[in-house]
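Worksheet: one structure, shown below.
FYI, it's all coordinate maths here, none of it is from the lab. Keep in mind the model is a prediction, meaning the values are calculated, not measured. Counting neighbours? That spans all protein chains shown, and the Cβs are built from the backbone with ideal geometry, glycine included.
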Amino acid sequence: MKIGIIRERKNPPDKRVVLTPKACKAVVERFPKSQIIVEPSPIRAFSDAEYQAEGIRVAQEMEQCDVLLGVKEVPIDALIPNKNYFFFSHTIKKQPYNKKLLQAILAKNIELYDHEVITNPNEQRLVAFGRYAGIVGAYNGLRAYGLKYGAYQLPKAEELPDQPALIDALKRVPMPPIKIVLTGRGRVGNGAREMLDGMGLRRVNVQDYLGEKFNEPVYCQIDAGEYNKRKDGVRGNKADFFAHPEAYKSNFLRFAKVTDLYIAGHFYGQGAPYLFTREDARHPDFKIRVVADISCDIDGPVASTIRPSTIADPIYGYDPKTEAETDFRQADAIAVMAVDNLPCELPRDASQGFGEAFVKNVVPAFFNGDQDGVLLRARMTRNGELTKRYAYLSDYIAN
């Protein structure tokens, strides 16, 4: 089997890759029937020479490959007909901006496997960049706090080589005795926690966070059961919340009253209550003035996130009174960091982690007849049609 690593062509440029040079070497050593060809790229975080140093062929020969691996959406004019592609298509939620892409994939008889739906039998994702979004998002949030208050200066994450360098930079700044609340305990939330722990911040429980004052910076990591409560007053739990989100309302304001920096690393499910609304943000007791919204749901559960920001310009201000954008340095403004492609700022680390998961969980299915159904669950199109699992997209591509 010939596996091709395609060049990323979407703008803005993405330096990440599915398989690093060492990951490619691991594949060909473990699976003797495999061959990997890397399409030349001037922007990839790993140079062509690094692949060649591991004995991997670099050539313009993607048409000869059986499987093509990429990260972001492939532009329609770059799609090679009758091939098997793996990339994030951003179509499974019927995103309108990629409808023509999915239509073209069907017209070109391409088998599409979306990274986002590569799962185990329990529907848990097997490959993701979420941890690295959390790592960079936490760093960017702490950087935003320093810029808003003039407390310290940190370089942009993209200017540093890896996670240890980010942590080292954070350790060097004089962190004031602020309170940080972090939502989520999944890949994203725990990636953010790695940074807070790495810089030596003290973690405190909910009771102490809400009721105590500290002379050092502290953080509290909370999950859905701690920032939501049942409307009927009955004691709820996490399982009940996910099964019946409509029965709950937000209990986040109690955290907002004592928090300086909020890092949003949770997953927001349809029908769940918003963490805080625009009305909440105007409450006289609402203290949060810096938000690092890693989840980045626009006009959604974090009311101050009114648009995504960019790596080039990562912070904007939200005025709770006017509900409009403003200078984030204004005293009453909430500084919002809502970059929606955070792992791109740490492309080598992110690619390494993603590649390890892909080699472990996906590549074996190419050679064992897909005995665990990994490919079956992720296959969105086949023979010019949507597969049964993704037939719900039929109306999306109908016209």
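Listing for the model above:
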read-out: Cleavage-rule hits, GluC sites (Glu not before Pro), segment 298-399, DSSP coil, Cβ neighbours within 10 Å at most 15; value: Glu323
read-out: Inter-part distance where segment 1-67 and segment 164-201 are each reduced to a Cα centre, Å; value: 33 Å
read-out: Peptides 185-196, 73-84 ordered by average Cβ neighbours within 10 Å, highest first; value: 185-196, 73-84
read-out: Rounded FRET efficiency, nearest 0.05, which uses the C-beta distance separating Lys33 from Arg307 and R0 of 51 Å; value: 0.60
read-out: For segment 228-264 and segment 347-376, distance of Cα centres in Å; value: 35 Å
read-out: Segment 130-345: antiparallel DSSP beta bridges as a percent of all, rounded to 5; value: 35 percent
read-out: Separation in nanometres of the label points that stand 7 Å from Cα toward Cβ, at Phe242 and Asp77; value: 4.4 nm
read-out: Mean residue ellipticity (222 nm) of the chain, computed from DSSP H runs ≥ 4 via -39,500 (n - 2.57), nearest 500; value: -8000 deg cm²/dmol
read-out: Stretchable slack from Glu123 to Gln95, in nm (0.36 nm times residue separation minus alpha-carbon distance); value: 8.0 nm
read-out: Mean Cβ count within 10 Å, highest first, over the residues of peptides 19-29, 111-121, 234-244; value: 19-29, 111-121, 234-244
read-out: Residues Leu261, Leu126 arranged by fewest to most Cβ contacts within 10 Å; value: Leu126, Leu261
read-out: Relative packing of 41-52, 92-103, which averages over residues the other C-beta atoms within 10 Å, highest first; value: 41-52, 92-103
read-out: Interchain or long-range residues, amide H under 5 Å from Ile37's placed H; value: Ile3, Gly4, Ile5
read-out: Listed residue pairs exceeding 18 Å between alpha carbons, taken from Lys156/Lys287; Lys94/Lys360; Lys179/Lys229; Lys2/Lys100; Lys249/Lys287; Lys22/Lys360; value: Lys156/Lys287; Lys94/Lys360; Lys179/Lys229; Lys2/Lys100; Lys249/Lys287
read-out: Distant-in-sequence amide H partners of Lys257 (H built 1.01 Å from N, under 5 Å); value: Lys287
